[in-house]
Amino acid sequence: MTTKTVIVATDGTDTSLHAVAWAAREAERRAVPLRIVHAYDWDWRESRLDIGNDYIDIAREVAEGIVAQAGRRAHTVAPRITIQTDLLVGHAVPKLLEVSDGAELLVLGRRGRGGFAGLLLGSVSQRLAVHATCPVVVVHDESAPDSGPITAGVDDSPSAEDVLQIAFEMASTRGGPVEVVHSFLPPVPLWLQPSVNPRDVATPDFDAYERNRLEERLAPWRDKYPNVPAEVVMTHESIAAALVERSRHAQLVVVGSRDRGAVAGALLGSTGLQLLHHAYCPVLIARHAVRTGA
């Protein structure tokens, strides 16, 4: 049986240390251990040279310093949790995918070492967010807020139930509200479509119908978590734009991922990718495997 664990990846950057602090507080809320991991690679061709062993020793010393620094940061923000630190030799993405399989949560910083300054989301974080089998949280460069709602982006897909489960669970442990955002375009007569943007059409009856559908979907979760206030937000804007705007005042945004049958590399979907790039607060990508049922 796999022990429930929150895993956080660190590379020594300020961004990854923000992720470590967020993960430590989350592990404390869940009463589970925190596992801090760092993956480092070395060129096997260099190891064949006379300086190979020295190179490996130096690389390991640097890696040990990185996880030690992260461990101190985690202990500072959550001194009562159990902390484990691990070094993984190899490329970061496959190694982190391997160790995070079955974890409660994988936490990442939005950007790592290298890359271009104009890129808001690092390639490692994006690939892990797309392909990890457990829920993934990507933490913004700045310190994450501990107040505000848990904002959930909900559509008509099966993954919406996983989003709602995680949102209500996390709101209940944090003592905050849930904000459920649903985006839809009202039907527009064909003769109006060339000249009218569907987002600008007033359709109160259709809006009420969509709200009622969403309220029915929320009813079991309201019953299960009666102490968690839940607000419904309906919008004609794109769901990505609406969630980015809401993330200014949220402590976390939760969205779903596509089913495993989707094309590899597109499991996350455009909404999730836009949020990972532009959200002002941490973003959690829900996975179907965590669902226990309402």
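Laid out as a table, the results:
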| item | result |
| --- | --- |
| Burial ordering of THR5, THR133, fewest other beta-carbon atoms within 10 Å first | THR133, THR5 |
| Cut-off 10 Å between beta-carbons: net charge of the residues surrounding ALA31, Lys and Arg +1, Asp and Glu -1 | +3 |
| Derived scalar couplings ³J(HN,Hα) [region 230-244; Karplus, 6.51 cos²θ - 1.76 cosθ + 1.60; whole Hz; x for Gly, Pro] | 10, 10, 9, 10, 9, 8, 8, 6, 5, 5, 5, 5, 5, 6, 4 |
| Amide H within-cut-off set for ARG35, under 5 Å, with H built and near neighbours excluded | VAL6, ILE7, VAL8, GLN84 |
| In nm, spacing of pseudo-spin labels at ILE58 and ARG213 (7 Å Cα→C-beta vector) | 6.1 |
| Formal net charge of residues neighbouring THR151 (Cβ-Cβ distance under 11 Å; K, R +1; D, E -1) | -1 |
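Coordinate-derived values only; no laboratory data. Here the structure is a predicted model, which is why all the values come from computation and not from measurement. Note: ideal-geometry Cβ built from the backbone for every residue, glycine included; neighbour counts use all protein chains shown.
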